[in-house]
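The structure appears right after this line, and notes come after that.
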Amino acid sequence: MLENQFSMCRYLYNWNLQDRIDTYKKDNISVTYNDQANKLPELKKQRPWFKSVYSQVLQDVLKRLDKGFQSFFQRTKQGEVLGFVKFKKKGQWNSITYPQYKKHPCSIITVPKIGTIKMRCHRTIGESAKVKTLTITKDADKWFACFPVEHTLDIEPKQDVSTAIGIDLGLIDFVYDSDGNSAPAPRYLREREKQLKRLQRRLSGAKKRTDKYYKLLKAVQKCHFRVKCARNDFLHKSP
């Protein structure tokens, strides 16, 4: 069901991007977020399967598109040379956001239009924290639920600076401090370069939009995901 919603969100994004392009070319008029959001009820009448997607998720898709245009025009005014907003290919839409998700996460989360989903909560969220949104993301066949929260923290600055040290980050040594201690920079991407090179060569030679192409694309994504996980593990380990 989540995969299906990702697909519908991608189609909605591409349709509305094409609508903005066509309207500007034909009538020299810029389409706004409100213009496209007001068309959502009619879209659900024409394509009833969009009723299976939560309304605020569809609105968030249009907001992402609008932010892309705002960012493009803002940077263009500053003289930067940027590419235009791009269409999303199959497999490039990997998240949906519920902007007003207020329920506190536990071992099970209740997702509108989806139902209940089991979840392994790796970090405890305090009872006083207010959950603001829920974003469900897929990364290399792994599913994640992200909860931005609002929480007041009382942090007292440390007064004792006698044990303070200087830290320098570099390329050869990941970190080098004023006491002479250092940690070598990991080479996780270098270690997988041969595997990535082989997979990407096969991917570039595969015919697009075939089962083989998407299978190889998934393999490349998994390889990059393992590199990212290794980096995060290194960064968060205690010295």
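The values are calculated or read from the model by the stated rules, or taken from the named source; none is laboratory data. Here the structure is a predicted model, which is why all the values come from computation and not from measurement. Cβ coordinates were reconstructed from backbone atoms using ideal geometry, including for glycine residues, and neighbour counts include every protein chain displayed.
Show the residue pairs that are 6+ apart or on different chains and have beta-carbon atoms under 7 Å apart, the first residue being within the range 120-145 and of a type in the set (D, E), the second being part of a loop (DSSP other than H, G, I, E, B).
Partner pairs satisfying both residue conditions: D139/N94.
Out of the residues in the range 74-99 that are farther than 29 Å from Y213 by Cα and within 18 Å of the chain's Cα centre (by Cα), state the one that is surrounded by the most Cβ atoms within 10 Å (Cβ to Cβ).
Here the answer is Y98.
What are the pairs, 6+ residues apart or on separate chains, where a residue within the range 188-216 that is at pLDDT 90 or above has its Cβ under 8 Å from a residue that is β-branched (V, I, T)?
Close Cβ pairs satisfying both conditions: Y188/V227; L189/V227; R192/V227; L196/V220; L199/V220; Q200/V220; L203/V220.
If we only count helices (runs of 4 or more DSSP H) wholly inside the range 1-96, which ones have 3 or more residues that are among the β-branched types (V, I, T), at pLDDT 95 or above and more than 30 Å from V220 (Cβ to Cβ)?
By residue number, no helices (runs of 4 or more DSSP H) qualify.
State whether one or more residues within the range 40-47 are farther than 25 Å from T137 by Cα, polar (S, T, N, Q) and within 24 Å of the chain's Cα centre (by Cα).
Looking through the range 40-47, none of the residues is farther than 25 Å from T137 by Cα, polar (S, T, N, Q) and within 24 Å of the chain's Cα centre (by Cα).
Looking at (1) touching a Lys or Arg at 6+ places or on another chain (Cβ under 8 Å); (2) exposed (fewer than 12 other Cβ atoms within 10 Å of the Cβ); (3) among the hydrophobic types (A, V, I, L, M, F, W, C), find the lone condition where V53 falls short.
(2)
I'd like the full set of residues that are exposed (fewer than 10 other Cβ atoms within 10 Å of the Cβ) and within 20 Å of C9 (Cα to Cα), limited to the range 133-161.
D141
Taking F144, is it assigned to a loop (DSSP other than H, G, I, E, B), modelled with pLDDT of 90 or more and not assigned by TED's automatic domain parsing to the domain that holds Q18? Full working, then the answer.
On the way: assigned to a loop (DSSP other than H, G, I, E, B): no; modelled with pLDDT of 90 or more: yes; not assigned by TED's automatic domain parsing to the domain that holds Q18: yes.
Taking the combined requirement at face value, the residue does not satisfy it.
Could you check the range 111-132 and list, in sequence order, the residues that are surrounded by 13 or more Cβ atoms within 10 Å (Cβ to Cβ) and under 19 Å from S52 (Cβ atoms)?
Once the filter is applied, which keeps residues that are surrounded by 13 or more Cβ atoms within 10 Å (Cβ to Cβ) and under 19 Å from S52 (Cβ atoms), the range 111-132 yields V111, P112, K113, I114, I117.
Just for strands (runs of 3 or more DSSP E) wholly inside the range 163-239: which have at least 2 residues that are surrounded by 13 or more Cβ atoms within 10 Å (Cβ to Cβ) and in contact with a strand residue (DSSP E or B) (Cβ under 8 Å, 6 or more places away or on another chain)?
Passing ranges, in order: 173-177.
Answer yes or no as to whether G68 is among the small types (G, A, S) and not assigned by TED's automatic domain parsing to the domain that holds N16.
no
Just checking, how many residues over the range 217-236 are among the aliphatic types (A, V, I, L, M) and at pLDDT below 90?
Qualifying residue count for the region: 2.
Could you tell me whether the range 82-92 includes any residue that is among the β-branched types (V, I, T), over 22 Å from Q18 (Cα atoms) and not assigned by TED's automatic domain parsing to the domain that holds S7?
Quick first cut of the range 82-92, residues among the β-branched types (V, I, T) only: 85.
Restricting the remaining residues to those that are over 22 Å from Q18 (Cα atoms) gives none.
Taking every residue of the range 82-92 in turn, none turns out to be among the β-branched types (V, I, T), over 22 Å from Q18 (Cα atoms) and not assigned by TED's automatic domain parsing to the domain that holds S7.
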